Structure formats: structure tokens, C-alpha cells
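This report refers to the structure that appears directly beneath it.
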Amino acid sequence: MQKHTIKMLNDLVNRCEDAKEFYTSAARQTKNEELKNTFMKMASTRESIIINLKSHANSLASELDDGGTFSGQASNIFKLLKARLGDTDVSLVKELEAAENKTLEDFRKALESDPPEATRQLIERQLRILTQTHNHMKNMKEKLKKVA
């Protein structure tokens, strides 16, 4: 069970690492200062989530007899999106909001996998944060559409 939980946490970490990288890249691409600041905050939020998930997974891994560790298999959603991005802020935010949807889906699926209680509580806390970031990106997308 712990190996399954560690793998699930690893997958969530990889998704968040991709998101962090993508938000950082988006911040460099935009000339809009408000978006730049938003993207950097989103990257920072992802870093906090990564730290929380890794810390929990490492505590579980230390309990395994075989010394199970974190392995890196990057998720592809944010990397694929980078290739499809247009050069406008609207398209950037639109793609980020779509990727946020996929991230929420992954965290919800993780909860449905019936993880141990401590892991469930951690994922639920992170999911609340991610729901807020998703909503923020959704609102930002609508705001930019109106201006465009």
C-alpha cells in the first residue's frame, strides 16, 4: 500500500513540478506585469505543494524495508501545452486554466484511490489550494477575454 501511495504522490509532485516550470516560463513570456506577478505566485504556490507532497512521501518511503525512494517521471500535460502556446496573454492564460483542470482531476483521482488517512488529509488540503489557483486562472481568462 505504501509503495502505491508513494507512486501516487510522486505523480502529483511531477504534475506540480511541470506546472511550476510552466508558470515560471509564462512569467518570462508575458509583458503584462499583473500576469507576470500572478504567474510567479502560481509557481511559488506549486513549490509549496511540491515540498508538502515530497515531505510526506519521503516519510512514507523511510518506513519501507527496501528503502523506496522518489523517482522522476515527468507528467506531460504542461510540457505538451508549451508546444501549443500562442503568443498572446489570452491564449497563455487559457492554456494554463485548461492545465489547471487536469491537475484538479489528478488530485481528485488520487483521493478516489483510497489513500491512507494522513495522505488523504494532505491531498485534500493541497486540492483546496489548487482549486483556488484554478479559479483565479479561470477569472483571469474571462477578464482577458473581455479586454481583448
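Selection of first residues in the stretch 15-34 that are under 22 Å from GLN126 (Cβ atoms) and of second residues that are among the charged types (D, E, K, R) and open to solvent by less than 10 Å² (accessible area, probe 1.4 Å), restricted to Cβ pairs under 6 Å at least 6 apart or on distinct chains, gives the following pairs, ordered by first then second residue: CYS16/ARG46; ALA19/ARG46; LYS20/ARG46. Which ones in the stretch 115-141 are over 19 Å from ASN58 (Cα atoms), loosely packed, with under 12 Cβ neighbours inside 10 Å and charged (D, E, K, R)? Once the filter is applied, which keeps residues that are over 19 Å from ASN58 (Cα atoms), loosely packed, with under 12 Cβ neighbours inside 10 Å and charged (D, E, K, R), the stretch 115-141 yields only ARG128.
The values are calculated or read from the model by the stated rules, or taken from the named source; none is laboratory data. These numbers come from a predicted model, not from an experiment. Note that each Cβ is placed from the backbone with ideal geometry, even for glycine, and that neighbours are counted across all protein chains shown. What goes into the accessible areas is simple: the full protein's heavy atoms, side chains included, and nothing from ligands, DNA or RNA. Shrake-Rupley method; radii C 1.70, N 1.55, O 1.52, S 1.80 Å.
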